[in-house]
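Some notes on the structure that comes next.
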Amino acid sequence: MKVPFLDLHKQQAVVEKEINAAIKKVLRRGDYILGEEEKLFEREFGAYCGKRYAIGLNSGTDALFLSLVSLGIGPGDEVIVPVFTFIATAFAVSCAGAKPVFADIDAKTFNIDVAKIEQAITRKTKAIIPVHLFGQLADMQPIMKLARKYKLKVIEDACQSHGALYLKGKAAKSGAIGDFGCFSFYPTKNLGGVGDGGLVVTDDKTLNDKLRRLRDCGRKSKYAHVILGYNSRLDTLQAAVLRVKLRYLDKWNKMRRAAAVEYDRLLKDVPGVVLPYTARCSSHIYHIYAVRVKNRDKLVEHLKASGIGVMVNYPIPLHLQEVYKGLGYKKGDFPQAEQVSKEIISLPMHPYLAKREIKYVVEKIKEVVH
């Protein structure tokens, strides 16, 4: 049996007719840049998140980057980022001219350890970027409290958590709590397009207006440019596809949770396997189903040889990446992230993952981990 890590073909088959019709509508209209479908998707996704404004962009990385730029964050400033995440979070800070300052994670949730944030705050700190990793939210209530205490901005990296809920107090969607919520629509995301795409949500009209200019060459009209801007627009064709898929997002997230429950049931009594942990403050939409094992590399090799698609998210924490050696961090500075990076393995996960496929994966895990 072969079990792919992700099977986009099965999802595509469900929505293919609707997507084809949506694409044909754009082709007939010919409004490929900031067209009608793009405007409608912004409105619908903003409403889905419970936010007043949504600004479509060309990637999740640009969503983070332009959020920082819109706040005037740049050279001489510092932004706190979890040390265990995809590197684009830190790159957004660096490309804005600011310095990423890393904080260790909670080894159970893989999200930023709130207790470590305050230790990283200096007079140069301007913002915190909590990443809602693998599909569940960081603990936003104490993060927002710290932000108010030190007058910092909060930019949520919600690129892996479309539709997840924060459950402390009044429930709120991922991306709807901080000053900005940043999303990626990379094809493998729970809400993915057929290419790159991103978006920012906010309730701040001034920042909304600035982001719209930043994404579109800094213009206020076709040939009047009032600020230094970028070319970072969400294509109308991508928006048309995403409008279709948005209608399925909650259903697909529910199906992912069901697959995770089945994994948990079959793996819970396997010695040496640490299951994913869902914090009480958040729901989990399982963009990634990641477990921890001591003999990770041997298990990866065995599963791949058995026809099972697996990944390691992420084998090198950000402070040990060559590109960031100039920041002066060293091995041992972030022990939780370093230990997790040696043990973590991501198993196949998608809405249409069958129970027989999960059973096969678990059987092969038991051949190595016991």
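The values are calculated or read from the model by the stated rules, or taken from the named source; none is laboratory data. What you see is a predicted model; the values in this text were computed from it and never measured. Note that we place each Cβ from the backbone using ideal geometry, even for glycine, and neighbour counts take in every protein chain shown. We work out accessible area using only protein heavy atoms, side chains counted, and drop any ligands, DNA or RNA first. Shrake-Rupley method; radii C 1.70, N 1.55, O 1.52, S 1.80 Å.
Check the range 302-323 and report whether any residue there is under 30 Å from A54 (Cα atoms), β-branched (V, I, T) and either at pLDDT 95 or above or open to solvent by 50 Å² or more (accessible area, probe 1.4 Å) (or both).
no
One line per residue, one yes/no per condition, for (1) among the polar types (S, T, N, Q); (2) touching a residue at least 12 places away in the same chain (Cβ under 8 Å); (3) in a loop (DSSP other than H, G, I, E, B):
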position	(1), (2), (3)
K168	no, yes, yes
G175	no, yes, yes
V200	no, yes, no
N208	yes, yes, no
R213	no, yes, no
Q238	yes, yes, no
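Just to be sure, is Y277 in contact (Cβ under 8 Å) with a residue 60 or more places away in the chain, under 22 Å from E363 (Cα atoms) and open to solvent by 60 Å² or more (accessible area, probe 1.4 Å)?
Here the answer is yes, as Y277 does meet what is asked.
Among the residues of the range 120-166, which ones are assigned to a strand (DSSP E or B) and either closer than 17 Å to A88 by Cβ or among the polar types (S, T, N, Q) (or both)?
Result: T125, A127, I128, V131, Q136, I155, E156, D157.
Report, by residue number, each residue of the range 144-164 that is surrounded by fewer than 24 Cβ atoms within 10 Å (Cβ to Cβ), without any contact (Cβ under 8 Å) to a residue 60 or more places away in the chain and closer than 14 Å to G181 by Cα.
M144, V154
Residues of the range 181-212 being farther than 24 Å from V241 by Cα and of a type outside the set (V, I, T), which ones?
Selection gives D203, D204, K205, L207, D209, K210.
What about T236, is it among the hydroxyl-bearing types (S, T, Y), crowded, with 20+ Cβ neighbours inside 10 Å and out of contact with any strand residue (DSSP E or B) (no Cβ under 6 Å at 6 or more places or on another chain)?
Against the criterion (among the hydroxyl-bearing types (S, T, Y), crowded, with 20+ Cβ neighbours inside 10 Å and out of contact with any strand residue (DSSP E or B) (no Cβ under 6 Å at 6 or more places or on another chain)), T236 qualifies.
Give the range 284-307 a look and list any residue that's touching a helix residue (DSSP H, G or I) at 6+ places or on another chain (Cβ under 8 Å) and part of a loop (DSSP other than H, G, I, E, B), or say none.
Matches in the range 284-307: I285, Y286, H287, I288, V293, K294, S306.
Of all strands (runs of 3 or more DSSP E) completely enclosed by the range 33-109, which ones contain at least 2 residues that are open to solvent by 10 Å² or more (accessible area, probe 1.4 Å) and either of a type outside the set (G, A, S) or out of contact with any Phe, Trp or Tyr (no Cβ under 7 Å at 6 or more places or on another chain) (or both)?
Output list reads 99-103.
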